[in-house]
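**Student:** Have a look at this one.
The values are calculated or read from the model by the stated rules, or taken from the named source; none is laboratory data. Just so it is clear, the structure is predicted and the values come from calculations on it, not from any experiment. Neighbour counts run over all protein chains shown; Cβ positions are idealised from the backbone, glycine included.
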Amino acid sequence: MSNAHWLILAVPKWYFTSLTEPFAGRLLTVVPAIGSLCLLVGLMIGAIRPNWRLTIFVLPFMLTEALAAVAGFYRGEDGAFANYASNATLLVSAVVSIFGIYICKNARIAASLLCVFSVTYCLFGVFVADMSFSNDWL
């Protein structure tokens, strides 16, 4: 159970530390750095012109955190469940993010930026979850 708690906190920490060294791990840190910048700009635009529909972008974040919890709980138990969980999380996050752009008609720029963040965060979360499921860390 402590692995689940640890991984829930580790995924956002590792994701957002890519801002300090965006080229340290090549694409592994460039993609989260771009996503983090999109989050910051998207939140600023969303604060200037508020739209309650932008809250839909919390769902992909929460889904990725749920995957991190499951991956931490089942650390080292690689199998078909791990692949299905990771793929389903990525698919649902992408669909919800794209749907978020669709429903935010008056805030498309902020929604697009938050969509980039959501997808990159989910990609990073799936990568970390796959490492946890296989217990093979970089």
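**Student:** Say we look at the range 90-111 and pick out the residues that are within 16 Å of the chain's Cα centre (by Cα), crowded, with 17+ Cβ neighbours inside 10 Å and among the small types (Gly, Ala, Ser); which of these is farthest from residue 29 (Cα to Cα)?
**Tutor:** 100
**Student:** How about the range 26-110: which helices (runs of 4 or more DSSP H) wholly inside it have at least 2 residues that are hydroxyl-bearing (Ser, Thr, Tyr), closer than 17 Å to residue 127 by Cα and modelled with pLDDT of 90 or more?
**Tutor:** 80-103
**Student:** Can you tell me which residue in the range 1-48 is surrounded by the fewest Cβ atoms within 10 Å (Cβ to Cβ), limited to those that are within 17 Å of residue 64 (Cβ to Cβ) and of a type in the set (Val, Ile, Thr)?
**Tutor:** Per the criteria, the residue is 17.
**Student:** Give just the number: which of (1) modelled with pLDDT under 90; (2) of a type in the set (Ser, Thr, Tyr); (3) within 13 Å of the chain's Cα centre (by Cα) does residue 15 not satisfy?
**Tutor:** That leaves (1) as the condition not met.
**Student:** Can you pull out every residue in the range 11-42 that is among the polar types (S, T, N, Q) and in contact with a helix residue (DSSP H, G or I) (Cβ under 7 Å, 6 or more places away or on another chain)?
**Tutor:** Matches in the range 11-42: 18, 29, 36.
**Student:** State which residue pairs qualify: first residue over 22 Å from residue 15 (Cα atoms) and inside the range 40-66, second residue outside any helix (DSSP H, G or I) in any location, beta carbons under 7 Å apart, and separation of 6 or more residues or different chains.
**Tutor:** Taking only residues 6 or more apart or on different chains, the pairs are 51/104; 53/104.
**Student:** If residue 71 satisfies all but one of (1) surrounded by 15 or more Cβ atoms within 10 Å (Cβ to Cβ); (2) among the hydrophobic types (A, V, I, L, M, F, W, C); (3) closer than 28 Å to residue 106 by Cα, what's the number of the condition it fails?
**Tutor:** Result: residue 71 fails condition (3) only.
**Student:** Now for a separate question. Does residue 96 satisfy the criteria of being touching a Pro at 6+ places or on another chain (Cβ under 8 Å) and either under 15 Å from residue 11 (Cβ atoms) or in contact (Cβ under 8 Å) with a residue 24 or more places away in the chain (or both)?
**Tutor:** yes
**Student:** Pairs needed: first member in the range 121-138, touching a residue at least 24 places away in the same chain (Cβ under 8 Å); second member anywhere, of a type in the set (Lys, Arg); C-beta distance under 7 Å; at least 6 residues apart or different chains.
**Tutor:** Pairs that qualify, where the first residue is touching a residue at least 24 places away in the same chain (Cβ under 8 Å) and the partner is of a type in the set (Lys, Arg), are 132/75; 135/75.
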